[in-house]
Amino acid sequence: MYLSSTDFIGISLDSFDQELNTEKRTELERDVFAPKLFRKNAEIVISKLEKYLADSSIRGLALTNPYELLQAAKDLMTEEHECIASLDEEKLGEIIDLYIKTGIQVHSPGYMGRQFSGVIPLAGVIDFISSIVNQPSSFYEAGQLPNVVERIMADELNRFIGWEPERFAMVTTSGATLGNLTALLAARNDKFPQIWSEGISGVEGQYRPAIAISEDAHYSVCRAVGILGIGEKQIVRLPINREKQICIEKVRPTLLAAEERGLKVFCLVASAGTTSVGAFDQIEELAEIAKEKNLWLHIDGAHGASLLVCDQLRYKLKGIEKADSFVWDAHKMMFLPAVCTLLFYKNKEKSYGAFRQNASYVFEKEPDLYTEFDSAQQNFECTKRPLIMNLWVLWALYGKALFADKIEYLCQLTEQAYRILKDEPDFQTLHQPEANILCFRYLPSNLYEREFPDFQVAIRNRLREAGKFFISKVDIDGIGALRVVFMNHQIDTDHFRMLLSEIRKTGQELLTKQKI
């Protein structure tokens, strides 16, 4: 057979490409994908994390100058750019140390500041597995077990809600902000079906679509209203009472006033554990009003819905079964890695109302046994982490008591802290805690608030800089206050008393400095 020079060139190039590809592939496998290297990396990481978890010292936040941290991070980067650099185990250890050191110490008794918690270590291990096997879970074919156990956990948790089996739906999503937005989309499209295709301008009549929310609602709800195209001017603010709950007596008059100014309220949003003080709105009473006015009732239970698993605390969500939808952050009071949000719908059919798309590359024209378990048409994410796995594994191995016991302890601890404050004449309590959030002020006799209006915030900032305790701050009735959130079962009343001593010491130092 005769071969031309062109054929020889083609054979040579093909052979060269094959050798090059083989060489590159071998180099990649040797340097970054090799299973033995994975074990070595994991052992370094696990050793560091075990030491971190074993540290029971009281520490808050080592707040670092961001430009110094920027330079420290740059110094840890390889200067090799032509070839794949070999693993520098010492540098990997330094990166892990820097990562741990510069974060909030969520496992320390000094951490009392935010609503994300120290995780149950096994949940972190499962999250580690999810990162390696990489099974996006919006489609059954991509994440078979996550989609099956999502159905299992929906049924397990519905035992505490009380909806009719097979008629409700639960979808996991990445955070309550996204969960609230998704539920409000479903509500809007249910009440105004034409908006999805025609936009707000397609709404007929003189009324403008509006949403009613608590004066103390989370900012994500207001953000959702803007994203939905409804506009912040169409937010109807429902007055709150002394307990920071929606004032039931003022809901009907407020809705009537909104109607008189040309607003068509289609959704009422309540809270089960507000971010500021942890207040629980009276769901059952609000449900009656929503039914009377033909409103979609959505509950932002990001923080407080976890109380459903506690026999002693479930009453705080009385009436939840009458809601049309609600969100529940399992990465808060269920002590999981962020994020794992559960979005519930009373009516399964309406859970498909938020989005209306056709996409042949992912959605099947003819549903089958497998697509029955898909959730992509109910949530924003096409590529979604298998969020439910962290929760299901713990639930499967330990049951609900693991979560209930810890939640009940933290709520009891908060009540004890409240009683301690009541007995301290230089501290002012601002509310009766309903869960694990407590707000208060330090008001010593030598404080003149007019001369130091930002005293509480200044204390909080100084405490944060000191690095022993980490607490947060919030405005209550327009005035700054100190805020603690108990998310760590290793905290006890002795730690809280230590915090109060630090607050007194810090406050007096600030007052002395101000006089000078």
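Every number in this text was worked out from the coordinates using simple rules, so none of it is lab data. Model, not experiment: these values are computed from the prediction. Please note: Cβ atoms are built from the backbone with ideal geometry, for glycine as well, and neighbour counts cover all protein chains shown.
Considering only SER351, TYR409, VAL309, and ranking their Cα positions along the charge dipole of the chain that arises from unit charges at the beta-carbon of Lys, Arg, Asp and Glu, the one farthest toward the positive end is TYR409. Relative to the current alpha-carbon distance between ASN134 and PHE452, full extension at 0.36 nm per residue lengthens the span by 109.2 nm. By the rule of a C-alpha distance below 29 Å, with chain neighbours fewer than 8 residues away ignored, the lysines paired with LYS264 are LYS191, LYS233, LYS244, LYS250, LYS291, LYS293, LYS318, LYS322, LYS346, LYS348, LYS350.
What residues of the range 126-141 lie in the reach of a label at ILE46, counting those whose backbone N is under 20 Å from a point 7 Å from the Cα along Cα→Cβ? Counting only backbone N, you get 126-134.
Computed from the C-beta positions of ASP405 and ASN241, the FRET efficiency with R₀ = 35 Å rounds to 0.65. In the range 136-399, the DSSP beta bridges split such that about 40 percent are antiparallel, to the nearest 5. Would you please name the GluC sites (Glu not before Pro) within the range 189-288 that are DSSP coil residues with at most 15 other C-beta atoms within 10 Å of their C-beta? Answer in residue order: GLU204, GLU215, GLU243. Computed from the C-beta positions of GLU249 and TYR315, the FRET efficiency with R₀ = 22 Å rounds to 0.55. Contact order, relative form, for the range 17-173: 20 percent (alpha carbon pairs under 8 Å, 6 or more residues apart, mean separation divided by residue count). The convex hull defined by the C-alpha atoms of the chain has an orientation-averaged projected area of 33.9 nm².
Modelled label positions at GLN416 and GLU259, each set 7 Å beyond Cα in the direction of Cβ, lie 5.1 nm from each other.
Around the Cα centre of the range 136-399, unit charges on the Cβ atoms of Lys, Arg, Asp and Glu (plus for the first two, minus for the last two) sum to a dipole of about 680 debye. Using C-alpha pairs under 8 Å with a sequence gap of at least 6, the mean separation divided by the residue count of the chain gives a relative contact order of 20 percent.
Assuming charge only on the beta carbon of Lys and Arg (+1) and of Asp and Glu (-1), the dipole of the chain about its Cα centre is about 2000 debye to the nearest 20.
When DSSP beta bridges are restricted to pairs lying wholly in the chain, around 55% turn out antiparallel.
Here is the P(r) of the range 136-399: all C-alpha pair distances, binned every 5 Å from 0, give 1, 6, 13, 18, 19, 16, 12, 8, 4, 2, 0, 0 in whole percents. Which GluC sites (Glu not before Pro) from the range 418-465 combine a DSSP loop assignment with at most 16 other Cβ atoms within 10 Å? Passing both the DSSP loop test and the Cβ count: GLU449, GLU451. All other residues whose Cβ lies under 15 angstrom from that of ALA186 are scored, Lys and Arg at +1 and Asp and Glu at -1, for a net of +2.
The distance between label points at SER57 and THR493 comes to 2.9 nm (points 7 Å beyond Cα on the Cα→Cβ vector). Count Lys and Arg as plus one, Asp and Glu as minus one, and take only other residues whose Cβ is under 13 Å from that of ARG159; the net charge is then -3. Residues TYR99, TYR418 in ascending order of nearby Cβ atoms (within 10 Å, fewest first): TYR99, TYR418.
For LYS51, list the lysines whose Cα falls under 26 Å from its own Cα; do not include residues on the same chain fewer than 8 positions away. LYS51 reaches LYS36, LYS40, LYS74, LYS91, LYS101, LYS332, LYS406, LYS468. Taking all Cα pairs closer than 8 Å and separated by 6 or more residues, the relative contact order of the range 136-399 comes to 28 percent. Ranked for footprinting exposure by Cβ neighbours inside 10 Å, fewest first, THR177, THR429, THR274 give THR429, THR177, THR274. Taking other C-beta atoms within 10 Å as the exposure proxy, THR341, THR512, THR371, THR414 rank THR512, THR371, THR414, THR341 from fewest upward. Does the range 162-298 come out rounded, prolate or oblate, given a ≥ b ≥ c as the square roots of the eigenvalues of its C-alpha gyration tensor, rounded meaning a/c under 1.5 and, failing that, prolate meaning a/b above b/c? Rounded, because the longest to shortest axis ratio a/c is under 1.5. Please give me, ordered by residue number, the chymotrypsin sites (Phe, Trp or Tyr not before Pro) of the range 130-237 that lie in loop per DSSP and have at most 15 other Cβ atoms within 10 Å. When the chymotrypsin sites (Phe, Trp or Tyr not before Pro) of the range 130-237 are filtered for loop state and at most 15 Cβ neighbours within 10 Å, TYR207 remain.
Does a label point 7 Å from the Cα of CYS382, set along Cα-to-beta-carbon, have any residues of the range 174-196 with amide nitrogen under 20 Å, and which are they? Counting only backbone N, you get 174-175, 178-179, 182.
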